[in-house]
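Right, one structure below, let's go through it.
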C-alpha cells in the first residue's frame, strides 16, 4: 500500500508530530494576520469568502421576501434595515441595491476568492510538491487587498443613497448618474482586480516553476490544470474591466462622457455634458471580463470534482488528455464569445453570427469535460461519502445549467429570453448547485488535510440532501417564469404584468426553498466548527489518494514536505493492475518496490 | 540572459542598443513628418503609416531592449496569447459597431 | 522563507527562466491588456463620433512638446538597458550613472507633461476632460501613462538608492531586479510609442 511515508530528517523534527505547536517566535500578527504561508493565506481567503457568501445569501433571502409577498412588511428584520425599508416595506431602490450587491458579492467576494484564493492557494503548492507559492509576500498582499476591496463595498450600504443599485453589471447611463454607492463599487472593484492580478501572476509562475522533479505538465492533477487556465483568464481578462472602471469613475467624478451619449435627458432635464460617448462601450469592456469570469467560476469547481470523483471511484479519470486539451481550448475560446450578452444591442446579423458560432463551439469542451467525468464513474467502486455526493450532484446540475445556456447562445432564441428569469435560472444552476456544490465537496475533502480531522459524515448528509432539493426548488421555477416572459430585476416579481399572472405563484415556492436552503446550511456551519475540535482524527492520507498533497502531514508545517518529493507517475493510478483488492499507487512512490 | 556574459558579448549588445537608439530617433522624426501628409492622403493611409512606424519602433524596443529576441518559449507563449486577445479586444467591438441593425 | 523557494534567482533547467522573469512578463501582459482597453475605447469613441466632431490631435495638442517627451522616453530606455548592462559588467558606478540618467529622464518627462497639462487648464476657455470626448480620452490615457512613469521612476529610485545595497550580498538577485524594473520601464516607453502618434498625430 502506498499510504504512509516515513518522515526523514528535517530542520524542525518536532513539527511533524505536533505541527500546530511549532514556535518560530513570529508573534501573533506575523503568524495569523500577515503570514506569507500559502496555507494560512488559503484559510484566510476561505473564511473571509465564506462570510461574504453567507452575507450575499442573506441579501437574497431578504429580496425573496419582497418577491413572495410584495409590499408586505418584513417581520422583525424589516425594522432594522433602515431607510431602504420604511415600516419594514421594501422600497424599489433598496431592492435594486440588494440585487446589485448580491450579485457582486457572490461573484467577486465569495465564489472566486474561495475557489481560487482559498482552494487554489491551499492545495496547488501541495499538489505540485512545492514548499509554497513562488511569491509568498505578494500572496499576502493579495489577500489584504481583497478584504479591503470587500470592506469598501460593504461600507457603501451606509452611504446616503445606499449601495450600488445598477445591477452587478453597472450599465451606464444609469450607473453614471447613480448615487455615491456606485463610486464605492468602482473603487472596490479596482482593489479586487488588483488583488486578482497579483494572485494570477503567482499561480502561473508557481505552476510553471515550482513543480517537483518528475512532475511534468501531463502528470499534473486536473485541479492544477484548471487553476492554471483560470489564472490566465484572470490575468488577461480583468484589466479591461479595470480600464472600464477608471472610465466610469471619470464619468462620475470628472464629468466626462465616455459612456454618455449626446442629448441625454434625465428626469426631464438635459444633462450639460460634452456627450459623444457610448453606453455600448461599457458593455463591451465589462463583458470582455465578465464572460471569462464565468469560466473562472466553473473551472476550479470542475477541478475539485475531478479530484473527488477519481479518488472515490478508485479508478483513473477517463480521458485525462481530453480533459486537459478541453480546458485549454475552453480558456482560449472564452475570450471571443462575450457579445452573446449583447445580442439585443442592435448588432447586425454578421457579428451576431460570429458570436453565436464561437458560443456554440465553446459548449463542446464543456461537454467533453462533463462526459469524461461521467465516464470516469463507469465500472468504478464508488464510495458515497459527503464530498462524493456533492461532486456527483454537480454533474447533472451543471448539465442543466449548461443545456439551458444553449438557447441563450443562439441569437434567435436569446431575443425573447434575454433579461428574463430564464437567464437567472441558467446561470444560478451553473454557479449554485454547480460551483458551490463543488466547493462544498472541496471543503469536506480537504478539511482533513488542513486540520488533521474529518468532518462528520452524518451531518454532511443532512447538509447535502435538503440542499440539493432546495437548490432545484429555487432555480427550476425561474426557467419557467423566464419562458413566460417575466423580466429580471423587477422589484415586484412581475406582479403588475398580465402575462405573468399564471406563474406568479412560483415566487412563493422559490422563496420558501431559498429560506429552507439557508436553514440547512446550519448543519454545515456547525459541522465545520465542531469538527475542528472534535472531528475524527486522521493521518496523512485518510482518503487513500494518489496525489502529492496527501504525502504531507495533516496539517502540513511551513515548507510542507520533509524532503522535496519526486514524482514517478501520473495522478490517478487507482487499481490499474486489476486485482481483487483495492490498491492505489501514489505519484510519489518510487517505481518497482521500496518506499 | 541569466548567465554571465563575456565582455565581448556585452560590447556586442551595447552596439546593438546604440543602433536601436538611432533607429528609434529617426523613426520618430519620420512619423512626425509623415503626419503632415494627412492633407494629401486619405485618413486611412495616414493611420496605416503611423501604426506601421509605431509597430516597427515598438518591435525594436521589445526585441532588443527587452531582450525578447532571445527569450524562452514560455514567455513567447504567454505573449502570443496576449497579442491574440489584445487584437480581439481592439477589433471585435469595432467590427460590432460597424455591423449594426439599420433602423 | 524565500530561500526555500527554488528558482528565485537561478534559472529552472527545463524552462530556462527564474521566477522573477516570468512574474514580470506576466504583469506586463496584463498591462498590455489594460492599455488595450483604452485603445479599444479610443477606436469606438472616434468611429462613433458624429462626422466632423472629432478634432485632429495637432489642432489642440502640443506636438513639439510631445515630440521632445518621446525623445526623452526613448533616451531613458537606452540608459535603462545600459544600467543593466553595467551590472552585467560588474560596474556599480556605471550602473548608478545610467540609472540616475534614467530617473532624470523620467522626471523630465513629468515636468514637460505638467507644462502640457497646465497649458490646457489655463487655456481660455479651459480645456478639461469634461470639455470633449477627445480631451477625455487624451487626459485619461496620458494621465494613466504618467502614473506609470511616476511608479516606474519610484522603483528605479529605490533601486538606485537603498535597494542597491543588495549588490553587495547577492549581485545576481540585484541584477535580476534591475532587469525586471527595466522591462517595466521599456513597456512604459513602448506604450508611449503608440500613444504619441494615435493622440497627437492622427
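The values are calculated or read from the model by the stated rules, or taken from the named source; none is laboratory data. Keep in mind that this is a model prediction, so the values were computed, not measured. Backbone-built Cβ (ideal geometry, glycine too); neighbour counts: all protein chains shown.
For this structure, a couple of remarks:
- The residue that is farthest from residue B:88 (Cα to Cα), counting only those in the stretch C:11-30 that are more than 7 Å from chain A (Cβ to nearest Cβ) and touching a residue at least 40 places away in the same chain (Cβ under 8 Å), is C:18.
- In the stretch A:277-310, the residues that are within 14 Å of chain B (Cβ to nearest Cβ) and either closer than 19 Å to residue A:229 by Cα or surrounded by fewer than 22 Cβ atoms within 10 Å (Cβ to Cβ) (or both): A:279, A:287, A:288, A:289, A:290, A:291, A:292, A:295
- Of the residues making up the stretch A:70-88, just one is farther than 27 Å from residue A:151 by Cβ, crowded, with 16+ Cβ neighbours inside 10 Å and out of contact with any helix residue (DSSP H, G or I) (no Cβ under 7 Å at 6 or more places or on another chain), namely A:70.
- Single residue of C:113, C:94, C:88, C:120 found to be within 29 Å of residue A:252 (Cα to Cα), surrounded by 15 or more Cβ atoms within 10 Å (Cβ to Cβ) and in contact with a helix residue (DSSP H, G or I) (Cβ under 6 Å, 6 or more places away or on another chain): C:113
- Test result for residue A:313, within 11 Å of another protein chain (Cβ to nearest Cβ) and buried (at least 22 other Cβ atoms within 10 Å of the Cβ): no
- Given (1) surrounded by fewer than 19 Cβ atoms within 10 Å (Cβ to Cβ); (2) in contact (Cβ under 8 Å) with a residue 24 or more places away in the chain; (3) within 18 Å of residue C:136 (Cα to Cα), index of the condition residue C:65 fails: (3)
- Members of the stretch A:251-276 that are within 7 Å of another protein chain (Cβ to nearest Cβ) and closer than 18 Å to residue C:43 by Cβ: A:256, A:257, A:258, A:276
- Pairing each residue of the stretch C:38-49 that is more than 7 Å from every other protein chain (Cβ to nearest Cβ) and touching a residue at least 12 places away in the same chain (Cβ under 8 Å) with any residue that is surrounded by 18 or more Cβ atoms within 10 Å (Cβ to Cβ) and part of a helix (DSSP H, G or I), provided the two are 6+ apart or on different chains, yields C-beta distances under 6 Å for C:42/C:137.
- Number of residues in the stretch A:394-404 that are crowded, with 21+ Cβ neighbours inside 10 Å and more than 17 Å from residue A:477 (Cβ to Cβ): the value is 2.
- Taking the conditions (1) within 14 Å of chain C (Cβ to nearest Cβ); (2) more than 19 Å from residue A:249 (Cα to Cα) in turn, residue A:117 satisfies each one other than (1).
- Residue A:149 vs. criteria closer than 25 Å to residue A:82 by Cβ, assigned to a helix (DSSP H, G or I) and touching a strand residue (DSSP E or B) at 6+ places or on another chain (Cβ under 7 Å): no
- Check on residue C:51, in a loop (DSSP other than H, G, I, E, B), in contact with a helix residue (DSSP H, G or I) (Cβ under 6 Å, 6 or more places away or on another chain) and either modelled with pLDDT of 95 or more or surrounded by fewer than 23 Cβ atoms within 10 Å (Cβ to Cβ) (or both): no
- Scope the stretch C:6-44; condition assigned to a helix (DSSP H, G or I) and under 19 Å from residue A:131 (Cα atoms); matching residues: C:19, C:20, C:22, C:23
- Residue within the stretch A:517-535 that is in contact with a helix residue (DSSP H, G or I) (Cβ under 8 Å, 6 or more places away or on another chain) and not in a helix (DSSP H, G or I) present: yes
- Of the helices (runs of 4 or more DSSP H) that lie entirely inside the stretch C:111-202, those containing 2 or more residues that are under 18 Å from the mean Cα position of the chain (by Cα) and either away from chain A (no Cβ under 14 Å) or within 29 Å of residue A:261 (Cβ to Cβ) (or both) span C:133-160, C:171-195.
- Residue check for residue C:99: more than 13 Å from chain B (Cβ to nearest Cβ) and touching a helix residue (DSSP H, G or I) at 6+ places or on another chain (Cβ under 9 Å): yes
- Matching option when the condition is surrounded by 23 or more Cβ atoms within 10 Å (Cβ to Cβ) and more than 19 Å from residue C:19 (Cα to Cα), among A:143, A:171: A:143
- Any pair with Cβ under 6 angstrom, 6 or more apart, that starts in the stretch A:51-63 at a residue that is closer than 11 Å to residue A:99 by Cα and ends at one that is assigned to a helix (DSSP H, G or I) and at pLDDT below 95: none
- Any hit, the stretch A:465-473, residues being within 21 Å of residue A:95 (Cα to Cα) and crowded, with 16+ Cβ neighbours inside 10 Å: no
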